[in-house]
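The values are calculated or read from the model by the stated rules, or taken from the named source; none is laboratory data. Every value quoted in this text rests on a predicted model; they were computed, and no experiment measured them. So basically every Cβ, Gly included, is an ideal-geometry build from the backbone, and we count neighbours across all protein chains shown.
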């Protein structure tokens with residue numbers, strides 16, 4: 001089974017900013033990383049007027065965009081695909097760590113990004129056995145997290161998720 005950690009938190013807590021700093025530090029340690037972004041809303045990745053959009057609007061259930069160094073798939077679904085199914089069917093086994101943004105109700109280890117200037121309390125307690133840590137985003141402008149803090153989180157992920 002692939003090692004997975006979920007970065008969770010309220011909308012606007014700084015999850016994406018945190019991931020932008022975390023991913024390069026994990027890679028710098030020699031690990032291959034895949035990410036999965038969970039969106040509770042309907043999302044669009046093909047722009048209106050583009051060929052892929054026209055294919056979907058014409059009725060194609062699955063549209064695959066293929067280029068020399070990139071592949072993307074858009075598939076219409078009746079029900080949401082679960083994280084374990086995505087891991088089993090869409091992530092290659094040479095990946096060392098899968099980091100999700102979201103899946104706060106899932107059963108994978110979680111790191112919560114909490115912004116006390118915006119929210120009254122974290123979503124989770126540290127007593128929850130699925131919560132590895134809660135990282136406080138004390139900056140109200142959603143700027144960068146301290147390198148030292150990111151490095152501690154990478155250490156924790158290596159110890160509690162990758163090496164387990």
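At a glance:
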item: Selection from the stretch 17-33 of residues that are farther than 18 Å from residue 148 by Cβ and touching a strand residue (DSSP E or B) at 6+ places or on another chain (Cβ under 7 Å); result: 27, 31, 33
item: Residue within the stretch 77-85 that is farther than 19 Å from residue 19 by Cα, at pLDDT 90 or above and surrounded by 13 or more Cβ atoms within 10 Å (Cβ to Cβ) present; result: yes
item: Lone unmet requirement of (1) touching a strand residue (DSSP E or B) at 6+ places or on another chain (Cβ under 7 Å); (2) outside any loop (DSSP other than H, G, I, E, B); (3) under 29 Å from residue 105 (Cβ atoms) for residue 84; result: (1)
item: Options 98, 153, 158, 131: the member that is within 26 Å of residue 44 (Cα to Cα) and surrounded by 11 or more Cβ atoms within 10 Å (Cβ to Cβ); result: 98
item: Looking only at the stretch 135-145, and only at residues there that are surrounded by fewer than 18 Cβ atoms within 10 Å (Cβ to Cβ) and under 20 Å from the mean Cα position of the chain (by Cα), the one that is modelled with the highest pLDDT; result: 136
item: Number of positions in the stretch 2-40 that are more than 15 Å from the chain's Cα centre (by Cα) and assigned to a loop (DSSP other than H, G, I, E, B); result: 3
item: Residues located in the stretch 34-64, provided they are at pLDDT 90 or above, over 28 Å from residue 15 (Cα atoms) and surrounded by 15 or more Cβ atoms within 10 Å (Cβ to Cβ); result: 55, 63
item: Matching residues in the stretch 49-63 - criterion: being closer than 12 Å to residue 76 by Cα and not in a helix (DSSP H, G or I); result: 59, 60, 61, 62, 63
